[in-house]
2 protein chains.
Amino acid sequence: MENVSCDIKRMEDKIVTFSKFGDTGKGGITRLALSEADFQAREEFCKRMKALGAEIVTDDMGNIYATFKGSEDLPHIAMGSHCDSVVQGGNYDGILGVLTGMEVAETIVKENIPHRHPITVMIWTNEEGARFDPAMMSSGVITGKFDKAKMLASKDMEGVTFGEALDASGYKGDEKNRMNPKDYKAFLELHIEQGPVLEAEKVDIGVVEGVVGMVNYEFEFIGQAGHAGTVPQKMRQDALLAASEAIQYLHRELDKLDEKLVYTTGRIICSPNVHTIIPDDVKFTLDARHQDPEVIKQVVEIIKNIPSELAKCKVSYKELWSRKTVSFNKEFVDFVEKNAETYGYSNMRMYSGPGHDAQFVADMLPVTMIFVPSIGGHSHCEIEKTPVENCLKGANVLLQTVLDIDKK
Amino acid sequence: MENVSCDIKRMEDKIVTFSKFGDTGKGGITRLALSEADFQAREEFCKRMKALGAEIVTDDMGNIYATFKGSEDLPHIAMGSHCDSVVQGGNYDGILGVLTGMEVAETIVKENIPHRHPITVMIWTNEEGARFDPAMMSSGVITGKFDKAKMLASKDMEGVTFGEALDASGYKGDEKNRMNPKDYKAFLELHIEQGPVLEAEKVDIGVVEGVVGMVNYEFEFIGQAGHAGTVPQKMRQDALLAASEAIQYLHRELDKLDEKLVYTTGRIICSPNVHTIIPDDVKFTLDARHQDPEVIKQVVEIIKNIPSELAKCKVSYKELWSRKTVSFNKEFVDFVEKNAETYGYSNMRMYSGPGHDAQFVADMLPVTMIFVPSIGGHSHCEIEKTPVENCLKGANVLLQTVLDIDKK
C-alpha cells in the first residue's frame with residue numbers, strides 16, 4: 001500500500017462543498033450545533049457516505065456513524081471529528097477531521113483496499129459548545145464525563161434546550177449505537193493545529209502525543225473606590241494597580257519554568273470601570289497548560305506564593321477548573337510518525353493545547369490525533385486556513401494509520 | 001455679628017426632610033435631574049423659601065433662584081448647589097450646598113440680620129449629568145461653555161430629551177432670569193469634599209482655592225490574538241501584558257512628580273476578554289489632576305515618553321479631554337479662611353479635584369467654595385455622610401462669608 005494516496009481534487013471538492021453550509025459570505029462559516037447549516041452538512045455527509053456503500057446509524061446524542069463493512073467480524077476502526085463551528089468560525093476546525101475521514105473511506109472504497117475491520121466515519125454533535133454549553137458535550141456524555149439529563153436541559157440564547165433541538169433534528173438515535181469499548185477498536189481524529197507552531201517550523205504533520213493538562217485560576221484584588229480627583233495617591237488602594245503587579249509577578253515567575261509551558265491572562269474584569277473612580281475590585285484569569293504534571297505543580301506553587309497584599313489591596317485566588325494530561329496510544333502515535341516519514345512529510349511530535357473529543361474517547365478506547373498546520377495560527381475565526389496540499393497529507397497519514405491498525 | 005450662628009436643629013431637619021425625596025430605602029437617594037424625586041425637592045425648597053419671604057424665579061434651564069431683598073439696589077450675592085444625584089447616591093453631594101444656603105437665608109431672616117445686597121439661594125439643574133449627559137449642564141449653558149440646543153437634545157436612557165423633560169417640569173423660566181455678571185456680585189458653593197483628606201487630617205473646613213486642572217488620556221495596546229493552549233510564550237504579543245507594563249511605568253514615573261498630583265487608571269477594556277484567548281486589544285484611561293499647569297505638563301511628558309512598543313505590542317495614546325486649573329476669588333478665599341478661624345474651626349487650604357458648577361461660574365463672577373469633610377471619603381454612594389455638626393460649621397462659615405461680601 002506504499003503508493004496509495006487520497007485524491008487532492010476530491011479533497012478540495014469536499015472542503016469547498018462543506019464551506020457553503022453556514023457560509024457567512026466573508027470567508028468563514030457560522031454552523032452552530034443542530035442549526036439549519038449543521039443539518040445541511042450532516043445531510044451531505046450521509047448522502048456521500050451512503051453513495052459509497054456505508055450503513056448509517058445515529059446514537060442518542062445525535063452522533064452519526066457511517067460504517068463500511070470489513071471482511072471479518074471485528075470491532076470498528078473509527079475516525080472523524082465535529083461539523084459544528086463557533087460564530088464566524090472557519091472552514092477547517094472540526095470539519096476537516098470529518099472530510100479527511102470521508103476521503104480516507106472514499107479512497108479505500110474506490111481503490112478496493114481490503115480491510116478486516118469495519119471502518120466508521122463519524123460526526124460528533126456539539127463539540128464547540130457555542131450554541132449549547134459545554135464544549136465536547138456528546139463525547140462527554142457517552143464517556144460518562146457529563147450527566148446526560150443536564151446536557152439535554154442546556155439552553156441556547158433563545159431558550160431552546162439541546163434536548164428539544166435534538167428531538168426536532170431527526171438525528172436522535174438509539175443509545176445502543178453509541179461508540180463503546182466492546183464494538184470499537186480505535187478512534188482517530190485529524191484536526192488543524194489551531195496554533196502557529198507547525199507553520200513556523202515548516203512542518204507538515206503534527207504527531208500528537210496527547211492533550212496537555214491545565215489549570216485555570218481566577219485572581220481577585222479588593223481595594224477601595226474613591227474619586228479620581230480627591231484621594232491622595234498615598235491613601236489609595238487601587239485594585240487595578242494591584243492586578244497589574246500580579247500580572248507582572250506571574251509572567252516573571254512563570255517564565256522561569258519549562259519553555260513548553262503556555263499560560264494566558266486572558267480575561268480581566270474591573271469594577272466600577274469608570275475613568276474617574278479608583279477601581280476597587282479587579283479579577284483576572286490565568287490559564288496554564290503543560291504536558292508534565294510536575295510543571296503544572298510548579299505553576300500552582302507560584303500561584304500560592306503570590307503576596308496576600310499588593311498595592312495595599314487584598315489578593316485572593318481560586319481554581320476555576322483543571323484537567324489532567326491525556327496521553328494517546330503510544331503504538332498509534334508511532335504509526336502516525338512512521339506514516340508521515342514513509343510519505344516523506346516533515347513531522348514533529350507535539351501535545352495538543354486545546355481540548356478535543358478524542359481526549360474524552362481516550363478514556364475508553366485507544367486513540368490518537370493528527371495535526372495539520374494552521375496558517376498564521378488562526379483558529380475560531382473566518383481567516384482560518386490550511387492549504388489543500390496539507391489537508392491531503394493529513395488524509396494520507398490518516399489512511400495509512402487506519403490500515404496499520406487494521407493489520408493488528 | 002461675631003456671635004451669630006445657624007441652628008443645628010434646623011440644619012438637621014433640612015437634611016432629614018430632603019433625604020426622603022428619592023429615598024432608596026438603603027440610606028441613600030436616587031434623585032435624577034427632573035425626575036419626580038427632583039420635583040419633590042424643588043417644591044420643598046420653593047415652599048420653604050417663600051415662607052421666609054423669598055421671591056422665586058427660574059431661568060430657561062430650570063435653575064431656581066430664591067431671592068431675599070436687600071436694603072439697597074445692588075447686585076445679588078448667590079449661594080447654592082444642585083439637588084440632583086447619581087443613581088444610588090448620597091444625602092450630601094450637591095444638596096448640602098442648597099440646604100446650607102437655605103439655612104443661611106433662614107438665619108438672616110429670623111435673626112433680622114441687615115444686608116445691603118439681595119441674597120439669593122440657588123438650585124442648579126442637572127449637575128450630575130447622571131440622567132442627561134453632560135455633567136454641569138446648566139451652569140455650562142449659562143456661562144457659554146455648552147451649546148444650549150445640543151443640551152436640550154440630550155436624551156436619557158428612555159429616549160426623553162432634556163428639553164422635553166424641562167418643558168414638562170413647570171420649572172422652565174425666562175432666559176433673562178439667568179445669573180449674569182451685571183446682576184450678580186458673587187456666587188458661593190458649599191460642598192462635601194468627596195475625598196478623605198479633611199477627615200484624615202481632622203479638619204472642619206476646606207478653604208477651596210480653586211479646581212485643579214486635569215488631563216484624561218486613553219492608551220491602547222495592539223497585540224495578536226491566539227489560542228491559550230497553542231501559541232508558545234515566545235511567539236506571543238499579549239496586549240494585556242503590555243497594558244500591565246504600561247500601568248507600572250505610569251505609576252513608577254508619575255510617583256516621582258509633586259505629591260499633590262492625583263492620577264487614576266480607572267477604566268480598562270480588554271478584547272476579546274476570554275480566558276482561553278490571548279488578548280489582542282487592551283485600552284485603559286489615565287486621569288491626572290494638579291493645580292499647577294507645570295505639573296500637568298510633566299505628566300504629559302511622561303505619557304509621551306512611554307515606549308512605542310511593550311511586550312511586542314504596539315502602544316498608542318490620545319488625549320480624551322483636559323481642563324485648565326480654575327482659581328477662585330482670592331479675597332473670598334481669604335474670607336472663608338478668616339471666618340473659619342473666627343469660629344475656631346480647624347481649616348486647610350485645598351483645591352477641588354472634582355468639577356463643580358462654581359468652576360464654570362468663576363468665568364463670569366467672583367466665586368469661591370467651602371468644603372466640609374466626607375466620612376471615609378465616600379461620595380456618589382449611599383453611605384456618603386457628613387455629620388450635622390460639620391454641616392453646621394460649614395453653614396456658619398458660609399453665613400459670615402456672605403455677610404463679609406455684603407459689606408464690600
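The values are calculated or read from the model by the stated rules, or taken from the named source; none is laboratory data. Because the structure is predicted, anything quoted here is derived from the model rather than measured. So basically every Cβ, Gly included, is an ideal-geometry build from the backbone, and we count neighbours across all protein chains shown. Heads up: the accessible areas ignore ligands, DNA and RNA and are worked out on the full protein's heavy atoms, side chains in. Shrake-Rupley method; radii C 1.70, N 1.55, O 1.52, S 1.80 Å.
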**Prompt:** Using alpha carbon centroids, what distance separates region B:381-408 and region A:1-53, in Å?
**Reply:** 77 Å
**Message:** Along the charge dipole of chain A, pointing to its positive end and built from +1/-1 on Cβ of Lys, Arg, Asp and Glu, which listed residue (A:Met49, A:Ala225, A:Tyr65) has its Cα farthest out?
**Reply:** A:Ala225
**Fill in**
For A:Phe328, other-chain or 5+-apart residues with amide H closer than 5 Å (H placed, Pro excluded) are A:Gly210, A:Val211
**Message:** Using only the heavy atoms of the protein chains and a 1.4 Å probe, how would A:Asp38, A:Asp13 rank by accessible area, largest first?
**Reply:** A:Asp13, A:Asp38
**Fill in**
The size of the Cβ-based charge dipole (Lys, Arg +1; Asp, Glu -1) of chain A about the Cα centre, to the nearest 20 debye, is 440 debye
**Item:** Note, ³J(HN,Hα) from phi for region A:394-408, Karplus 6.51, -1.76, 1.60, rounded to Hz, x at Gly and Pro
**Value:** x, 4, 5, 5, 4, 4, 5, 6, 4, 5, 4, 5, 4, 6, 5
**Prompt:** Can you give the mean number of other chain Cβ atoms that lie within 10 Å of the Cβ atoms in peptide A:219-228?
**Reply:** 5
**Request:** Can you tell me the relative contact order of region B:213-323? Whole percent, Cα pairs under 8 Å, sequence separation 6 or more.
**Result:** 48 percent
**Request:** Would you please give the residues with an amide H less than 5 Å from that of B:Lys314, counting only those at least 5 places away or on a separate chain, with H modeled from the backbone geometry?
**Result:** B:Ile222
**Item:** Estimated dipole of the protein assembly as shown in Debye, rounded to 20 [Cβ of Lys and Arg +1, of Asp and Glu -1, Cα centre]
**Value:** 220 debye
**Request:** List the residues whose amide H sits under 5 Å from the amide H of A:Ala228, counting only those 5 or more places along or on another chain, with H placed 1.01 Å from N in the peptide plane.
**Result:** A:Ile277, A:Ile278
**Residue-averaged beta-carbon neighbours from other chains (10 angstrom radius) around A:371-384** = 2
**Request:** Choose one of B:Met157, A:Ser139, B:Leu310: the residue whose Cα lies farthest towards the positive end of the charge dipole of the protein assembly as shown (beta-carbon charges +1 Lys, Arg; -1 Asp, Glu; about the Cα centre).
**Result:** B:Leu310
**Asked** What are the semi-axes of the equivalent ellipsoid of the protein assembly as shown, taken as the square roots of 5 times the eigenvalues of the Cα gyration tensor, listed largest first and rounded to whole Å?
**Response** 71, 27, 21
**Prompt:** Considering only the label points, 7 Å along Cα→Cβ from Cα, what distances in nm to one decimal separate A:Ile269 from the same position in each other copy, shortest first?
**Reply:** 1.9
**Fill in**
region A:326-340 and region B:250-278 have their Cα centres apart by a whole-number Å value of 48 Å
**Request:** Report relative contact order for region A:322-408 in percent, whole number only (criteria: Cα-Cα under 8 Å, sequence separation at least 6).
**Result:** 35 percent
**Request:** Provide the per-residue ³J(HN,Hα) series for region A:277-292, in order, calculated from phi with Karplus coefficients 6.51, -1.76, 1.60 and θ = phi - 60°, each as a whole number of Hz, with x at glycine and proline positions.
**Result:** 10, 5, x, 10, 8, 10, 10, 9, 9, 10, 10, 10, 9, 7, 6, 9
**Asked** Looking only at other chains, what is the average number of their beta-carbon atoms within 10 angstrom of each beta-carbon in B:275-288?
**Response** 5
**Asked** To the nearest 10 square angstrom, what accessible area does B:Asp238 show with a 1.4 Å probe?
**Response** 10 Å²
**Listed pairs A:Lys256/B:Lys314; B:Lys20/B:Lys110; A:Lys324/A:Lys407; B:Lys26/B:Lys385; A:Lys26/A:Lys202; A:Lys50/A:Lys110 exceeding 21 Å between Cα atoms** = A:Lys256/B:Lys314; B:Lys20/B:Lys110; A:Lys324/A:Lys407; A:Lys26/A:Lys202
**Prompt:** Just the accessible area for B:Glu301, please: 1.4 Å probe, Å², rounded to the nearest 10?
**Reply:** 100 Å²
**Request:** Per DSSP H run of at least 4 residues, take -39500 (n - 2.57); add these up for chain A, divide by its residues and hand me the 222 nm value, nearest 500 deg cm²/dmol.
**Result:** -10000 deg cm²/dmol
**Message:** Which one, B:Pro354, B:Leu403, B:Gly344, projects farthest toward the positive side of the charge dipole computed for region B:333-408 from Cβ point charges (K/R +1, D/E -1)?
**Reply:** B:Gly344
**Asked** Just how much of A:Leu32 is accessible, in Å², when a 1.4 Å probe is used and the result is rounded to the nearest 10?
**Response** 40 Å²
**Fill in**
In whole Hz, the Karplus estimates of ³J(HN,Hα) for region B:337-352 (6.51, -1.76, 1.60; θ = phi - 60°; x where Gly or Pro) are 5, 4, 5, 4, 4, 4, 7, x, 8, 5, 8, 8, 6, 7, 9, 7
**Request:** Point me to the residue of chain A whose C-beta lies closest to the A-onto-B rotation axis, rounding the distance to whole angstrom.
**Result:** A:Ser244, 2
**Request:** Compute the label-point distances linking A:Lys9 to its equivalents in the other copies; points lie 7 Å from Cα along Cα→Cβ; give nm, one decimal, shortest first.
**Result:** 10.5
**Request:** Mind telling me which of B:Gln194, B:Gln237, B:Gln40 comes out most flexible in a GNM of chain B, alpha-carbon contacts under 10 Å?
**Result:** B:Gln237
**Prompt:** Once you put a point 7 Å from the Cα of A:Ser5 and another 7 Å from the Cα of B:Lys172, both along the Cβ direction, what distance in nm separates them?
**Reply:** 8.1 nm
**Request:** Treat every Asp and Glu Cβ in region A:91-156 as -1 and every Lys and Arg Cβ as +1, leave all other atoms uncharged, and give the resulting dipole magnitude about the Cα centre to the nearest 20 debye.
**Result:** 320 debye
**Message:** Once you keep just the Cα pairs under 8 angstrom separated by 6 or more residues, what percentage relative contact order results for chain B?
**Reply:** 23 percent
**Message:** Quick check: with the 1.4 Å probe, what order do B:Val57, B:Val295 take by accessible area, largest first?
**Reply:** B:Val57, B:Val295
**Message:** With every atom except the alpha carbons ignored, what do you get for Rg and Dmax of chain B, in angstroms?
**Reply:** 23.5, 83
**Item:** A:Asp174, A:Asp404, reordered so the largest accessible area comes first (probe 1.4 Å)
**Value:** A:Asp174, A:Asp404
**Prompt:** Assuming R0 = 35 Å, what is the FRET efficiency of B:Val160 and A:Val87, from their Cβ-Cβ distance, to the nearest 0.05?
**Reply:** 0.50
**Asked** Quick one: label points 7 angstrom along Cα→Cβ at A:Arg323, distances to the other copies in nm, smallest first?
**Response** 5.2
**Request:** Specify the angular offset, from 0 to 90 degrees and rounded to the nearest 10, of the alpha carbon long axis of helix A:239-254 from the longest principal axis of the alpha carbons in chain A.
**Result:** 50 degrees
**Request:** Once you've got the GNM for chain A with C-alpha springs shorter than 10 Å, pick whichever of A:Glu259, A:Glu389, A:Glu36 has the biggest mean-square fluctuation.
**Result:** A:Glu259
